[in-house]
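Shown next, in structure tokens, is the structure this report addresses.
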Amino acid sequence: MPSLSPFSLPGRFWRGNLHTHSNLSDGALEPPQVIEAYKNAGYDFMMLSDHFIGHYNWPVADTRAMRSNNFTTIIGSELHAPETSVGELWHIVAAGLPLDFPPAGKNETGAELARRAHAAGAFIGIAHPAWSQLTMADGCAIDCAHAVEIYNHGCAIENDRGDGWYLLDQLLNEGRRLTAFATDDAHFKTPDYFGGWVHVKAESLGPEVLLEALKKGHYYSSQGPQIHDISVSGSEISIRCSPVDNITVLCGNSRSQVRNAKAITDAAFDLKKLETGWLLTRQSPWFRVVCIDHAGKKAWSNPIWKDEL
Ligand SMILES: [Zn+2]
Ligand SMILES: [Zn+2]
């Protein structure tokens, strides 16, 4: 049965975090201390995403000196500009910015700032939708986004608003082909670190290679479990993963397929079962996979579009 991207691609998975703060903005630790903490926790790469606002003198952390043969950094920031529908600043993760990325203009909107970062080569992620109480209109406004932050560990710790799937699932139903990334958004003032990350499939550990892979969606997200393979043949889907107690396939309507058992490492389902149900008049053009371990930790595949199979 043929494996799907990114599992079918050459290279290996590199573990990284794209959203965390240092004392260049409101984090507790110096940049090298933050990077060292991630390196020691087994990460392969890391991005400091300090708050890109005038109050902190528009930081784009230069972490190049902390790169080595087995660890790299991506240069970026968390961008802010007015104004979401609840009347707050936008929070937008921009991974892959030039160090001299110009400050936000006086009248620049979040959507405009995101477009400028996108044009400068960045991977654009809509940050913590639930914490920010983003609406569908907000989600649609960031029209150049690559991804939605579907888990933010800092927000989960702060006020139980770590989940961003509600927004991404609805944007997918509108036909937006966005991907899904998990992060920490750590500030190291609370236990807000090492809780959510991405596994990026690439042939080498270089910032540009990782960025290209992120933009193409060659990754999955996790809080602990690992997804080893997802393959599809006809209407059959097969999933292999580290030991988990629940493997679920869900889609853009209420239909799903699930296998619950202790420490399972694979499951197979008939995708046609996602297409039948009471008064189901429209089929979902996409589905996705979630693996949940005994501790409730999850791994999430990116959305899989049927017309790309
Ligand atoms: Zn934020
Ligand atoms: Zn943040």
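Every read-out reported here was derived from the displayed coordinates using simple, explicitly stated rules and does not represent laboratory data. Computed from a predicted structure; not experimentally measured. All Cβ positions, glycine included, derive from the backbone under ideal geometry; neighbour counts span all protein chains shown.
For the stretch 76-103, the set of residues classified as within 16 Å of ligand 2 (Cβ to nearest atom) and touching a helix residue (DSSP H, G or I) at 6+ places or on another chain (Cβ under 7 Å) consists of LEU79, ALA81, THR84, GLU88, TRP90, HIS91, ILE92, ALA94, ALA95, LEU97, listed by residue number. Within the stretch 103-117, does at least one residue satisfy the condition of being under 23 Å from PHE13 (Cβ atoms), outside any loop (DSSP other than H, G, I, E, B) and within 16 Å of ligand 1 (Cβ to nearest atom)? Scanning the stretch 103-117 turns up no residue that is under 23 Å from PHE13 (Cβ atoms), outside any loop (DSSP other than H, G, I, E, B) and within 16 Å of ligand 1 (Cβ to nearest atom).
Within the set PHE13, PHE7, the sole residue that is assigned to a loop (DSSP other than H, G, I, E, B), aromatic (Phe, Trp, Tyr), more than 14 Å from ligand 2 (Cβ to nearest atom) and farther than 29 Å from LEU134 by Cα turns out to be PHE7.
Condition check ((1) surrounded by fewer than 13 Cβ atoms within 10 Å (Cβ to Cβ); (2) farther than 26 Å from ALA145 by Cα) across all residues:
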| position | (1), (2) |
| --- | --- |
| ASP229 | no, yes |
| CYS241 | no, yes |
| ARG255 | no, yes |
| ILE264 | no, yes |
| LEU279 | yes, yes |
| SER284 | no, no |
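The single residue among LEU99, LEU29 that is surrounded by fewer than 17 Cβ atoms within 10 Å (Cβ to Cβ), assigned to a loop (DSSP other than H, G, I, E, B) and touching a residue at least 12 places away in the same chain (Cβ under 8 Å) turns out to be LEU99. Might you check whether a residue that is out of contact with any Ser or Thr (no Cβ under 6 Å at 6 or more places or on another chain), without any contact (Cβ under 8 Å) to a residue 24 or more places away in the chain and not acidic (Asp, Glu) occurs anywhere in the stretch 77-85? No: the stretch 77-85 contains no residue that is out of contact with any Ser or Thr (no Cβ under 6 Å at 6 or more places or on another chain), without any contact (Cβ under 8 Å) to a residue 24 or more places away in the chain and not acidic (Asp, Glu). Within the stretch 39-61, being out of contact with any strand residue (DSSP E or B) (no Cβ under 9 Å at 6 or more places or on another chain) and within 16 Å of ligand 1 (Cβ to nearest atom) holds for HIS55, TYR56. Just one residue in the set VAL60, VAL86, VAL34 is within 17 Å of ILE142 (Cα to Cα) and either β-branched (Val, Ile, Thr) or in a loop (DSSP other than H, G, I, E, B) (or both); that residue is VAL86. For the stretch 119-127, the criterion of being within 24 Å of ALA61 (Cα to Cα), within 16 Å of ligand 2 (Cβ to nearest atom) and in contact with a Lys or Arg (Cβ under 8 Å, 6 or more places away or on another chain) is satisfied by at least one residue.
Condition check ((1) in a strand (DSSP E or B); (2) touching a strand residue (DSSP E or B) at 6+ places or on another chain (Cβ under 8 Å); (3) touching a residue at least 60 places away in the same chain (Cβ under 8 Å)) across all residues:
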{"residue": "SER221", "(1), (2), (3)": "yes, yes, yes"}
{"residue": "SER242", "(1), (2), (3)": "yes, yes, no"}
{"residue": "ASN246", "(1), (2), (3)": "yes, yes, no"}
{"residue": "ASP266", "(1), (2), (3)": "yes, yes, no"}
{"residue": "SER284", "(1), (2), (3)": "no, yes, yes"}
{"residue": "CYS291", "(1), (2), (3)": "yes, yes, yes"}
{"residue": "ASP307", "(1), (2), (3)": "no, no, no"}
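Which one is farthest from ligand 1 (Cβ to nearest atom), of the residues in the stretch 119-140 that are out of contact with any Asp or Glu (no Cβ under 9 Å at 6 or more places or on another chain) and under 24 Å from HIS55 (Cβ atoms)? By that ranking, first place goes to ALA120. VAL148 meets all of the listed conditions (1) within 16 Å of ligand 1 (Cβ to nearest atom); (2) surrounded by fewer than 21 Cβ atoms within 10 Å (Cβ to Cβ); (3) without any contact (Cβ under 8 Å) to a residue 40 or more places away in the chain; (4) not in a helix (DSSP H, G or I) but one, namely (2).
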